[in-house]
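Shown next, in structure tokens, is the structure this report addresses.
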Amino acid sequence: MDIGIGLDATLNLSFADQAELAQEAARLGYSSIWTPESAGQDSFQLCSLRWAASCQVIPAGLTTGIGVSPVLYRTPIAFAMSGGTLSQLTGGRFIMGIGAGGAYRPRTRQTLGLPPFSTLALMRDYLVTVRRLVAGATVDYHGEVVTLRGVKLAISPPPHTPVYLGALGPEMLRLGGELADGVCLNWCTPEQIAWSRERIAEGAARVGRDPKSMQVVEYIRVCVDQDVDVARRAFARSTMGYALGQRVPTERERQLGYRAHFERMGYTEVLAGLDRMRQRDAALDEVADAFPPELLKRVGYYGTPEQAAVAFRRLAAGLDVAIVRVIAARPGMASVLAALRACRPELVNLGESRAHAPGHGSVRTVG
């Protein structure tokens with residue numbers, strides 16, 4: 001199992017911070033450095049900055065990845081141009097993850113002036129066209145959402161650019177198994193990772209692909225502090241936007257996106273109780289404090305640094321690439337660096353090495 005590091009916009013990092021963290025990740029033995037994309041700084045440029053900084057420690061630099069960019073931000077041609085260029089720049093050490101983002105929400109499409117469409121059809125169209133474009137093909141394609149006629153990138157020779165799909169629900173996971181180079185999971189229990197792999201394998205079987213030919217990666221949130229209550233509250237606040245959403249969902253919205261994902265994992269009643277608190281206009285910290293520790297620790301880790309590596313290894317079971325997605329317990333670089341160091345690969349892999357050493361019982365090998 002490879003171990004990467006994930007840094008996002010909530011950490012409020014300067015460009016100098018980004019470079020410093022990329023270099024520290026390389027020194028600590030991480031294999032890759034990832035960013036999710038939101039409507040802010042361009043993640044392709046952040047990946048380029050981080051890769052260049054890591055080259056000061058490792059001559060070839062760390063693999064960089066976007067996990068994931070919502071497709072409504074760019075056309076397939078724009079994705080292919082940016083991704084192909086970054087692959088060329090890094091010598092093939094770039095992975096491009098794309099996802100539906102909020103495309104399933106009517107209000108998101110309305111904000112962008114888009115008509116109704118099938119989210120699955122949207123992602124099928126993007127996967128097909130982007131993968132063909134970065135491979136150097138001339139693309140003639142007419143889909144439900146995307147149409148391209150005779151488009152070819154002027155990047156020669158085309159560098160290898162893996163395209164991963166962000167997926168949560170069963171049909172999106174099957175689509176990833178059918179068409180993507182890899183699948184990016186998020187907020188999963190180990191049991192949900194195993195369930196997701198089954199759905200990916202079903203999609204691969206549709207077209208005769210070997211499911212082992214694609215990578216399964218996931219962000220695993222980690223928040224460390226010697227004051228466990230501080231870490232718990234920061235972790236819970238990070239979880240809220242995903243598990244609950246920005247507002248109390250309608251019945252239809254509960255069947256989609258992250259809310260449906262958390263309910264599939266058995267948290268329907270817990271989330272309904274938190275929604276009732278929100279309907280009473282409870283303060284954000286009050287709602288965060290009401291999150292059950294059992295829920296939080298089944299999808300990530302908060303607590304002291306000393307226990308982080310063991311918890312991370314348990315949560316990563318079944319992944320090819322496990323990404324330490326840093327949640328800062330406090331403002332500033334110290335909390336970010338603490339999480340990087342607490343889950344450095346030598347510590348995460350130490351327990352597995354011991355388990356396979358003579359005189360120890362066996363454990364399941366991950367990845």
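The numbers here are math on the coordinates, done by the rules we state, and not lab data. Only a predicted model underlies this, so the values are computations on that prediction, with no experimental measurement involved. Positions of Cβ are backbone-derived with ideal geometry, glycine not excepted, and every protein chain shown enters the neighbour counts.
Looking at A80 and the list (1) within 26 Å of V326 (Cβ to Cβ); (2) touching a helix residue (DSSP H, G or I) at 6+ places or on another chain (Cβ under 7 Å); (3) small (G, A, S), which single condition is not satisfied? Of the numbered conditions (1) within 26 Å of V326 (Cβ to Cβ); (2) touching a helix residue (DSSP H, G or I) at 6+ places or on another chain (Cβ under 7 Å); (3) small (G, A, S), the odd one out for A80 is (1). Among residues of the stretch 136-179 being within 25 Å of the chain's Cα centre (by Cα) and part of a strand (DSSP E or B), the one that is surrounded by the most Cβ atoms within 10 Å (Cβ to Cβ) is L165.
Every residue in the stretch 204-259 that is of a type in the set (V, I, T) and within 28 Å of A309 (Cα to Cα), please. Selection gives V216, V217, I220, V222, V224, V228, V230, T239. Among helices (runs of 4 or more DSSP H) entirely within the stretch 211-329, having at least 2 residues that are charged (D, E, K, R), surrounded by fewer than 21 Cβ atoms within 10 Å (Cβ to Cβ) and out of contact with any Asp or Glu (no Cβ under 9 Å at 6 or more places or on another chain) singles out 257-264, 268-279, 284-290, 293-299.
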